[in-house]
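Trainee: This is the structure I want to talk about, given as structure tokens.
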There are 2 protein chains.
Amino acid sequence: MAGSTNTQFAVAVHVLTYLAGVTDAHAVSSDELSKSANVNPVYVRRVLGPLRRAGLVRSRSGVNGGWELAVDARQITLEQVWRPLQGTQPVLGLHGPDPTCATGRNVQKALTALDRTVADAVATSLKRFTVHDILDGQPEAAQSIPMTGG
Amino acid sequence: MAGSTNTQFAVAVHVLTYLAGVTDAHAVSSDELSKSANVNPVYVRRVLGPLRRAGLVRSRSGVNGGWELAVDARQITLEQVWRPLQGTQPVLGLHGPDPTCATGRNVQKALTALDRTVADAVATSLKRFTVHDILDGQPEAAQSIPMTGG
DNA sequence: CCTAACTGTAACTATCGCGACTACGAATGT
DNA sequence: ACATTCGTAGTCGCGATAGTTACAGTTAGG
């Protein structure tokens with residue numbers, strides 16, 4: 001299950017939306033971003049690191065340095081944001097190192113496979129939205145679009 | 001995101017599978033279940049509580065008491081297991097109490113709506129499997145069934 | 001070239017959720 | 001009565017998350 005005390009995805013979406021809302025082409029410091037998202041500047045950099053490696057944002061050091069989108073906000077889906085941050089971590093929650101009984105091993109194998117299925121379902125539903133959608137406040141519209149695949 | 005250090009769903013699936021594998025009609029104590037799942041008996045009772053309220057299992061106190069399925073294992077989907085345990089907790093991770101800036105409020109509203117969408121996607125994908133499927137070790141078969149809705 | 005403004009990263013720390021454990025009242029079969 | 005088992009509250013330790021400090025490496029501008 002998703003106790004989800006992890007806010008990286010939320011912060012990432014917030015920051016990217018902020019960057020998408022910047023009209024002129026200057027870079028934004030992690031300090032400014034951190035104030036907007038109400039978190040620590042270092043945390044912003046830690047979150048944006050994977051997204052930079054994924055090619056979604058660029059960063060520059062030095063005076064007038066900071067962050068900017070590397071891709072148009074309309075082209076960045078939330079799935080592209082989620083994947084790098086999620087990595088290989090399970091979406092549901094696996095448990096226990098290695099159960100002794102056969103039932104345990106069976107269940108564990110099943111849950112591992114299941115987790116991949118669920119992760120794919122999450123990713124698929126996130127593909128529907130882009131950073132630009134969030135900027136427009138339009139993510140709730142898609143509520144009405146059912147997942148016909150399920 | 002799902003740091004998912006929460007193992008309730010995994011334990012629930014394990015325990016229900018164990019119960020599904022019991023051929024004769026006697027109840028199983030939370031102590032026996034806890035040994036199978038390699039967790040604490042009290043934790044088993046805490047996890048099964050919501051599932052009892054959801055009508056999936058029954059429990060009896062006293063000598064020869066314990067737990068048993070209230071429904072055939074073929075009728076219990078993993079979505080029915082997941083929902084009561086997840087409750088209203090976010091699947092992704094929201095953050096921050098109440099951002100001051102407009103961007104923040106926009107993002108937060110969007111993420112809340114988004115979380116419902118994702119939760120539905122998870123639930124939908126979990127509907128494909130039953131406890132009996134896990135007992136048979138057949139949850140990986142559905143890997144090949146794509147989510148056409150994405 | 002020197003300074004000021006940034007990033008990138010490594011510590012260390014505080015906080016919080018999860019789950020183990022103890023304990024005890026209530027229920028139930030023998 | 002008595003042993004068993006559930007239901008639940010309370011306490012505790014561990015680990016993950018994120019805040020904080022610190023510092024080396026970049027870059028624009030005087």
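Trainee: Check the stretch B:62-77 and report whether any residue there is at pLDDT 95 or above, in contact with a Phe, Trp or Tyr (Cβ under 9 Å, 6 or more places away or on another chain) and not hydroxyl-bearing (Ser, Thr, Tyr).
Mentor: No, that holds for no residue.
Trainee: Also, I was wondering about something else. Those residues that are modelled with pLDDT of 80 or more and more than 15 Å from DNA strand C (Cβ to nearest atom), I need them from the stretch A:89-106; list them, please.
Mentor: Within the stretch A:89-106, A:Arg105, A:Asn106 qualify.
Trainee: Looking at this structure, is B:Arg53 surrounded by 13 or more Cβ atoms within 10 Å (Cβ to Cβ) and under 18 Å from B:Val13 (Cβ atoms)?
Mentor: So B:Arg53 does not fit the description; no.
Trainee: Same structure, new question: Would you be able to say whether some residue in the stretch A:19-28 is touching a strand residue (DSSP E or B) at 6+ places or on another chain (Cβ under 9 Å), within 10 Å of DNA strand C (Cβ to nearest atom) and not in a loop (DSSP other than H, G, I, E, B)?
Mentor: yes
Trainee: May I ask you to list the residues in the stretch A:79-102 that are facing another protein chain (nearest Cβ under 7 Å) and touching a helix residue (DSSP H, G or I) at 6+ places or on another chain (Cβ under 8 Å)?
Mentor: Within the stretch A:79-102, A:Leu85, A:Gln86, A:Pro90, A:Val91, A:Leu92, A:Gly93, A:Leu94, A:His95, A:Gly96, A:Pro99, A:Cys101 meet the criteria.
Trainee: If a residue has to be more than 11 Å from DNA strand D (Cβ to nearest atom), open to solvent by less than 10 Å² (accessible area, probe 1.4 Å) and without any contact (Cβ under 8 Å) to a residue 24 or more places away in the chain to count, how many in the stretch B:2-49 make the cut?
Mentor: Result for the stretch B:2-49: 2.
Trainee: Here are A:Arg105, A:Arg116, A:Arg52: which of them is assigned to a helix (DSSP H, G or I), more than 9 Å from chain B (Cβ to nearest Cβ), away from DNA strand D (no atom under 16 Å from the Cβ) and among the charged types (D, E, K, R)?
Mentor: A:Arg105
The values are calculated or read from the model by the stated rules, or taken from the named source; none is laboratory data. Note that the structure is a prediction, hence the values are computed from the model and not measured. Please note: Cβ atoms are built from the backbone with ideal geometry, for glycine as well, and neighbour counts cover all protein chains shown. Heavy atoms of the whole protein, side chains included, go into the accessibility calculation; ligands, DNA and RNA do not. Shrake-Rupley method; radii C 1.70, N 1.55, O 1.52, S 1.80 Å.
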